[in-house]
Amino acid sequence: SSGINAEYGPAAEEKKSAKPDPISLEGVEVSEDLAKRVLKQLEYYFGDRNLPQDRFMLREVAVDNGWISLNTMLNFKRLAGICNDKAKIAKIVSDSSSELLQLHEENNRIRRNPDKPLPKGTEAEKSIVNAKTVYIKGFSTDLTIDGAEKWFEPHGAVAYIKMRKDAENKFKGSVFVEFEQQSDCDAFLAKEGLKCGEEEIVKMLRADYYKSKNQKVKDTKNEKRTAQLGEVPPVQVENVEYEKGLVLRVDGLEGTDLTREQFKDVFEGKGLEWVTFNKGDPQANLRFAKSAVEALESVKLDGKFIVAEKELTATLIE
């Protein structure tokens with residue numbers, strides 16, 4: 001099983017039969033700048049980094065042999081903000097030399113080239129990606145994705161930029177960025193005194209960022225344990241009674257290579273506060289700022305809880 005869930009039954013058949021009208025490209029003209037921007041955005045949507053974890057896209061590509069109508073694609077505000085003319089978008093894909101995208105013969109649908117299957121996520125491939133993915137902190141919290149792309153332009157081509165969000169779905173001022181080339185990543189990390197506005201940024205490999213975060217958690221636990229053993233005067237902490245319904249237990253993790261970060265990616269902006277899980281553990285506990293059930297339901301794909309193409313079972317801990 002690919003982990004991509006197709007729709008079945010009447011709803012799916014209705015969707016398949018409701019084909020969009022053909023689009024004529026006769027006389028359609030597109031500027032070079034617009035073509036470049038549209039193609040870049042489309043290749044991001046169908047690319048290795050976004051498609052495997054984009055629940056909406058996965059649902060759509062499973063319905064019609066990978067084809068997605070341009071009507072549907074224009075539901076993406078970012079693409080529509082660049083160009084909302086279906087004929088121009090079709091013309092751009094038709095004239096491009098993209099090896100990733102295909103345009104339907106009726107010019108009304110696009111898909112990822114079937115000869116370009118999604119990567120299987122081997123350890124070797126993950127290591128390559130990790131080696132050129134960087135954590136950067138120090139951006140203004142009102143920075144947009146367009147502003148972030150412009151800021152990174154002088155530093156080399158990037159495969160994706162992830163704007164990190166807090167529990168209220170607001171930008172935190174930090175990003176994860178994967179560079180397309182290892183050399184550009186190395187050069188970026190070596191640069192000193194980089195600023196966004198007046199503030200100097202903090203930058204490091206994403207893997208080093210996670211290590212530092214995990215070390216802080218370990219240090220905090222060790223401090224609490226030392227205090228409990230009476231080796232130092234214990235810190236006075238108020239008794240806190242947590243609300244019920246905030247913690248999920250996730251089962252079915254035996255034999256998987258899932259990581260704590262993949263859970264954080266799925267629940268980004270959904271109020272996830274912490275994850276108790278180490279790679280290889282049979283289960284994980286996830287604590288949310290608000291209703292855990294609401295967070296779970298909001299990320300389900302066709303009623304199933306899926307992380308990195310693996311279906312899992314989540315239970316509310318009362």
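The values are calculated or read from the model by the stated rules, or taken from the named source; none is laboratory data. What you see is a predicted model, and the numbers here were worked out from it, not measured in a lab. Cβ: placed from backbone, ideal geometry, glycine included. Neighbour counts: every protein chain shown. Heavy atoms of the whole protein, side chains included, go into the accessibility calculation; ligands, DNA and RNA do not. Shrake-Rupley method; radii C 1.70, N 1.55, O 1.52, S 1.80 Å.
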Kindly indicate whether residue 90 is open to solvent by less than 30 Å² (accessible area, probe 1.4 Å) and either of a type in the set (Ser, Thr, Tyr) or not in a loop (DSSP other than H, G, I, E, B) (or both).
yes
Hand me the list of strands (runs of 3 or more DSSP E) wholly inside the stretch 274-318 holding 2 or more residues that are at negative phi and touching a Pro at 6+ places or on another chain (Cβ under 8 Å).
none
What are the residues in the stretch 41-56 that are in a helix (DSSP H, G or I), hydrophobic (A, V, I, L, M, F, W, C) and modelled with pLDDT of 90 or more, if any?
42
Matching residues in the stretch 270-291 - criterion: being of a type in the set (Asp, Glu) and within 14 Å of residue 252 (Cβ to Cβ):
281
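So that you can scan it fast, the table gives a plain yes or no per residue for (1) crowded, with 19+ Cβ neighbours inside 10 Å; (2) modelled with pLDDT of 85 or more:
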position	(1), (2)
253	yes, yes
257	no, no
265	no, no
269	no, no
295	yes, yes
316	no, yes
Within the stretch 14-40, restricting attention to residues that are out of contact with any Asp or Glu (no Cβ under 9 Å at 6 or more places or on another chain) and at pLDDT below 50, which residue is surrounded by the fewest Cβ atoms within 10 Å (Cβ to Cβ)?
17
Counting only residues that are out of contact with any strand residue (DSSP E or B) (no Cβ under 7 Å at 6 or more places or on another chain), outside any loop (DSSP other than H, G, I, E, B) and open to solvent by 10 Å² or more (accessible area, probe 1.4 Å), how many does the stretch 59-87 have?
9
Need pairs with beta-carbon distance below 6 Å; first residue without any contact (Cβ under 8 Å) to a residue 60 or more places away in the chain and within the stretch 126-151, second open to solvent by less than 40 Å² (accessible area, probe 1.4 Å) and part of a helix (DSSP H, G or I); sequence gap 6+ or separate chains.
132/185
For the stretch 101-119, enumerate the residues that are of a type in the set (A, V, I, L, M, F, W, C) and modelled with pLDDT under 95.
118
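Name the residues in the stretch 100-145 that are touching a Leu at 6+ places or on another chain (Cβ under 9 Å) and among the β-branched types (Val, Ile, Thr), would you? First the steps, then the outcome.
Taking the stretch 100-145 first, the residues touching a Leu at 6+ places or on another chain (Cβ under 9 Å) are 100-101, 107-113, 116, 118, 130-136, 138.
110, 133, 134, 136 - these are the residues of the stretch 100-145 that are touching a Leu at 6+ places or on another chain (Cβ under 9 Å) and among the β-branched types (Val, Ile, Thr).
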